[in-house]
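The structure under discussion appears below in the form of structure tokens.
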Amino acid sequence: MITQTSAVTFRQNLGEMLNQVQYRHDSVVINKDGKPVAALVDARLFERIRRMQARFDALCKRIETGFAGVPEETGMAEIEAAIAEDRREQRPRTTD
């Protein structure tokens, strides 16, 4: 479960919020002036997020290297074409 709270309420209830995250594996989104500024998540989830970020960064680097000599317009056109093709393949087939 994800709980939203203000920074003031979070500060006043820090112990309870830590227990909620540690034992129930909930997450807490902390808002300041009505806008989310931080999140408290359990350590296992945070580690998964860090690993995914590292893999995403590595993938971005590989894509950047692979397209290094390709003009931006050409690369974007290829990406848009691939997305359109994938969407066509994902559409449910209709039978007549």
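The values are calculated or read from the model by the stated rules, or taken from the named source; none is laboratory data. Predicted model, so just to flag it, every value in this text is computed and none were measured. Positions of Cβ are generated from backbone atoms using ideal geometry, with glycine treated the same way; all protein chains shown enter the neighbour counts. To get the accessible areas, we keep the full protein, side chains included, count just its heavy atoms, and leave off ligands, DNA and RNA. Shrake-Rupley method; radii C 1.70, N 1.55, O 1.52, S 1.80 Å.
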Complete set of residues in the stretch 46-96 that are open to solvent by less than 100 Å² (accessible area, probe 1.4 Å), among the β-branched types (Val, Ile, Thr) and either modelled with pLDDT under 90 or over 30 Å from residue 25 (Cα atoms) (or both): 63, 65, 70, 74, 79, 83
Subset of the stretch 25-35 [surrounded by fewer than 11 Cβ atoms within 10 Å (Cβ to Cβ) and either touching a Lys or Arg at 6+ places or on another chain (Cβ under 8 Å) or of a type outside the set (Asp, Glu) (or both)]: 34, 35
Boolean, residue 38 is among the small types (Gly, Ala, Ser), closer than 24 Å to residue 3 by Cα and surrounded by 10 or more Cβ atoms within 10 Å (Cβ to Cβ): yes
Residue match in the stretch 59-70 (condition: within 17 Å of the chain's Cα centre (by Cα) and among the acidic types (Asp, Glu)): no
